[in-house]
1. Output the number of the condition that B:Ile150 fails; it satisfies all remaining conditions of (1) within 14 Å of chain A (Cβ to nearest Cβ); (2) aliphatic (A, V, I, L, M); (3) within 16 Å of ligand 1 (Cβ to nearest atom); (4) part of a helix (DSSP H, G or I).
2. Name the pairs: first residue in the range B:224-241 and farther than 20 Å from B:Arg207 by Cβ, second residue assigned to a loop (DSSP other than H, G, I, E, B) and among the charged types (D, E, K, R), Cβ to Cβ under 9 Å, at least 6 apart or on different chains?
3. Condition check: in contact with a helix residue (DSSP H, G or I) (Cβ under 9 Å, 6 or more places away or on another chain) and crowded, with 21+ Cβ neighbours inside 10 Å. Does B:Ile67 satisfy that?
4. Those residues that are of a type outside the set (A, V, I, L, M, F, W, C), under 23 Å from B:Val64 (Cβ atoms), more than 13 Å from ligand 1 (Cβ to nearest atom) and crowded, with 19+ Cβ neighbours inside 10 Å, I need them from the range B:193-207; list them, please.
5. Need the failing condition index for B:Arg61 against (1) more than 14 Å from chain A (Cβ to nearest Cβ); (2) within 16 Å of ligand 1 (Cβ to nearest atom), just the number.
6. Where in the range A:106-215 are the helices (runs of 4 or more DSSP H), entirely inside, with at least 2 residues that are closer than 23 Å to A:Ser271 by Cα and of a type in the set (A, V, I, L, M)?
7. Taking the range A:122-164 on its own, how many of its residues are among the aliphatic types (A, V, I, L, M), out of contact with any Phe, Trp or Tyr (no Cβ under 7 Å at 6 or more places or on another chain) and modelled with pLDDT under 90?
Amino acid sequence: MPDYEAPQTIPKPTTEPGRIARFDPWWLLVFGVVGLLAILIAGKPDPFRRIAVFVTDGIWVTIRITIVSFVLILIAGLIGGLGRIAKNPLIHGAASLYVEIVRGVPLLVQLIFIYYAAPQLLTAIGEGIASAIPALAGPAGLLIGIQLDPFVAAVFGFTICYGAYMSEIYRAGIQSIPKGQMEAARSLGMSYTQSMRYVILPQAVRVILPPVGNEFVALLKDSSLVSAVAVADLTRRGREFMSTTLLSLETWTLVALIYLVMTLFSSRVVSYIERKMSVGK
Amino acid sequence: MENDIIIIEDAHKSFGRVKALTGVSLRVGRGEVVVIVGPSGSGKSTLLRSINHLETLDRGRIVVDGIPLTQAENINRVRAEVGMVFQQFNLFPHLTVVGNILLAQRIVRRRTAAEAEKIAHELLEKVGIPEKADSYPSQLSGGQQQRVAIARALAMQPKVMLFDEPTSALDPEMIKEVLDVMLDLARDGMTMVVVSHEMGFARAAARRIVFMDEGRIVEVGPPESVFTNPRHERTKLFLSRILR
Ligand SMILES: Nc1ncnc2c1ncn2[C@@H]1O[C@H](COP(=O)(O)OP(=O)(O)OP(=O)(O)O)[C@@H](O)[C@H]1O
Ligand SMILES: [Mg+2]
């Protein structure tokens, strides 16, 4: 494709009424939560400071796993969404099957399956191939005894699961763009891919931004499930601390507050981006 | 090369049980302006849309400028040679007026930015709204939007222009500005197939009027004879309603 860059945002002057100090409960909430955290850690370093120090690396793991997964989810969702609107029955069928299966199985079960059960499945397949077709024993051997890194398994699980939900968001967003847009683009001689890339998707992005933002916040919270597959995230670090100190109330108060700060900030960033993108129409 | 730039032979098209076209044949010569009239649901849009393959025929043959519309690669080639203007304008709302006119020039015709922009500004001059180059479609009136849509199609330097009721979504005071642009185009020798009930335009620009009903062409002839002296009852009935 040529390196032509279609402008993505519409710089139309807003006629927002002057920003008179509107009362915004978000700030109150953030001040409250951050303040409470600070008071706890500074005012009662034992145990709160100890807990905070102990779980800090878990916070980074949680953030990393959320962001890495989310980037992959955006890509998986685009592929799945385009598959869901494809005319080709094979592509459409495969995409629909994927979405239906994934949406019918709980996320935790999927994560556990990928981490614990999938390697066994691959081993069985590898052994099957090797014994059936000895010529392929070499490549089939690669499937045997795979040990997934917990982080990789978790990212993979999130991508597959959230990718299915994201596919539906993309599909709905693309389908919300009037049919005439695609027809106009095609009648100018643009291919399907070019029309999607330069005409449909730039418009669909604005439509899907709010639900995509919600998915990010939901993923941030769901990332705590990875503690079940041996990833040392915030939740798992909290559990470790609790099991050695038995300070349940203090540990989980702090962990919950840290999650709350993260989700409050990310939903704020999401609505900021939304506002930026919805300037003009 | 054939003298007829559009050849439609025995076109059939159904949507489920609805028969939109039932054996339509029509030839359009180079530089000719044909106006299609007919009651709602008679298949006018379907016929127009099958000329650039927005609808796929069930049966029949369409040849545009010597290129049969069968293989996929031909379809994109033909589309680049056939401009289409829609009732609802269908401008790209996320792009400026100039952006709308540039897009396909850049990625289909692969023109340089400078070249494409020069053409865009010339065309905006031609359709009478050079000052709107950097506006967004939502900031334009319907008549202005439709003129941009015409400019966008013309930027591809098509050999044929198709118009599907280009003025029927417009307020009365804006109809003339769009029809004037179309009349200019007709005088410049553009081949045009126009679905429209604007009798003034048809009389001034059309060499032939095609009257369609129930997926068929009922009557074809020069405007004077079809409008003043229709041969078929259905044409008479339809015209008496349109002309009031
Ligand atoms: N995509 C579609 N799906 C189902 N039926 C369709 C579709 N497009 C057209 N039809 C039907 O085909 C018939 C012909 O439609 P067409 O749009 O060509 O008529 P028209 O002459 O352009 O009418 P109008 O003056 O209302 O625009 C109508 O009965 C219409 O309902
Ligand atoms: Mg129509």
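The values are calculated or read from the model by the stated rules, or taken from the named source; none is laboratory data. These numbers were taken from a predicted model, which means no experiment stands behind them. Positions of Cβ are backbone-derived with ideal geometry, glycine not excepted, and every protein chain shown enters the neighbour counts.
1. So B:Ile150 meets the others, but not (3).
2. If the second residue must be assigned to a loop (DSSP other than H, G, I, E, B) and among the charged types (D, E, K, R), the pairs left are B:Arg234/B:Glu214.
3. Numbers: in contact with a helix residue (DSSP H, G or I) (Cβ under 9 Å, 6 or more places away or on another chain): yes; crowded, with 21+ Cβ neighbours inside 10 Å: no.
Criteria not met by B:Ile67.
4. The answer is none; no residue qualifies.
5. Looking at each condition in turn, B:Arg61 falls short on (2).
6. Working: elements: A:107-112, A:118-132, A:137-141, A:150-175, A:179-187, A:192-195.
Result: A:150-175.
7. Final tally of qualifying residues: 15.
Matching residues to (1) touching a residue at least 60 places away in the same chain (Cβ under 8 Å); (2) within 16 Å of B:Phe92 (Cα to Cα); (3) out of contact with any Pro (no Cβ under 7 Å at 6 or more places or on another chain):
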position: A:Ala153; (1), (2), (3): yes, no, yes
position: A:Ala164; (1), (2), (3): yes, no, yes
position: A:Tyr170; (1), (2), (3): yes, no, yes
position: A:Gln175; (1), (2), (3): yes, yes, yes
position: A:Ile200; (1), (2), (3): no, yes, yes
